[in-house]
Amino acid sequence: MIKSMTGFGVGKGVSGKMEIVVEIKSVNNRYLDCTVKIPRIYFSIEEPIKAVVQKCISRGKVDVYITIDTSNADDVEISVNRPLTEAYVLVLKSLAEEYGLTVNISATDITKFPDVLQVKKREADMERLSADVCSALEGAITGFDEMRIREGGKLYADISARLVEIERLISVIEDISPRSVAEYRKKLETKMTEILQTSDIDDARIVTEAALFAERVAINEEIVRLRSHIDQLRGLLDSKEPVGRKIDFLVQEFNREANTIGSKGNDPEMAKLVVDLKAEIEKIREQAQNIE
């Protein structure tokens, strides 16, 4: 089943006491273009995130948004600057002895001096955080893929219906094609009669000219190739692999054959049918732009 390149998914997880939310969305693009939006402090885990995306997605403009909530995390560490604390205590005792003061120093008093207590954030375990974020990302990709498969089902139905219509148009064009040769022969006979002003016309010459015309406007090969392309496209629609680029290329071949039939056609009704044929092919081409 084909997948659309357009989708959205959300995944959640935890890493220690940190809460993780991952959002992934994508739109059409010729190749895979992945952008990860993550707080600068966690840039080191960007590559593992992209690796997960590349494993699951082959084409599209993909944006991954990662939010890491550390408000409940116990990542604050308080330490004592012991050399500085001892220096403060010695100075206070020295002042007391020098001026005859009573030394009555509490721990609270000491902590009020600058830089005695040092507060810093404990470094996160990046390896663990990377694994937890990637796990949340995989959850987001699950929902993301479900949406892409639903959209792919709609694309499948639309393209399949257009292939049925293309087959119908091809059959009508194939039926009409011999008629143009007969009409050409009739016009040729009428024209030669007018020019020669006699009904005694060389039938061999008429047959030769008609045969040359028939060869020039023959569309059998184009019809065969178009039907072959239809079978190939149906096979691609049922493939489990990403086939967007292949379908895009195959649609170009559809157009090539339709243009050739249009250039060979010598019948107003056929010309109209070719226009309808090319319109259906163009609609398939537009839909193919959405397929992964």
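The values are calculated or read from the model by the stated rules, or taken from the named source; none is laboratory data. These figures come from a predicted structure and were not determined experimentally. Note: ideal-geometry Cβ built from the backbone for every residue, glycine included; neighbour counts use all protein chains shown.
Observations on the model:
- Ile49 vs. criteria farther than 30 Å from Ile159 by Cα, hydrophobic (A, V, I, L, M, F, W, C) and modelled with pLDDT under 90: no
- Qualifying residue in the stretch 133-143 (condition: at pLDDT 90 or above, in contact with a Cys (Cβ under 7 Å, 6 or more places away or on another chain) and in a helix (DSSP H, G or I)): yes
- Meets criteria (under 15 Å from Ile2 (Cα atoms) and in a helix (DSSP H, G or I)) for Ile230: no
- Taking (1) in a loop (DSSP other than H, G, I, E, B); (2) under 35 Å from the mean Cα position of the chain (by Cα) in turn, Val14 satisfies each apart from (1).
- Of all residues in the stretch 1-35 being among the charged types (D, E, K, R) and out of contact with any strand residue (DSSP E or B) (no Cβ under 6 Å at 6 or more places or on another chain), the one that is nearest to Leu237 (Cα to Cα): Lys3
- Filtered residue count, the stretch 34-67, keeping only those that are part of a helix (DSSP H, G or I), β-branched (Val, Ile, Thr) and within 17 Å of Glu23 (Cα to Cα): 4
- For the criterion of being loosely packed, with under 14 Cβ neighbours inside 10 Å, assigned to a helix (DSSP H, G or I), hydrophobic (A, V, I, L, M, F, W, C) and at pLDDT below 85, Ala182 passes.
- Residue in the stretch 68-91 that is closer than 30 Å to Val22 by Cα and at pLDDT 85 or above present: yes
- Of everything in the stretch 21-53 that is of a type in the set (Ser, Thr, Tyr) and surrounded by 15 or more Cβ atoms within 10 Å (Cβ to Cβ), the residue that is farthest from the chain's Cα centre (by Cα) is Tyr42.
- Residues that are more than 14 Å from Thr260 (Cβ to Cβ) and surrounded by fewer than 12 Cβ atoms within 10 Å (Cβ to Cβ) within the stretch 218-234 comprise just one, Asp231.
- Residues in the stretch 239-292 that are of a type in the set (Ser, Thr, Tyr) and modelled with pLDDT of 90 or more: Ser239 only.
- Residues of the stretch 81-140 classified as surrounded by fewer than 16 Cβ atoms within 10 Å (Cβ to Cβ), in contact with a strand residue (DSSP E or B) (Cβ under 9 Å, 6 or more places away or on another chain) and hydroxyl-bearing (Ser, Thr, Tyr), total: 1
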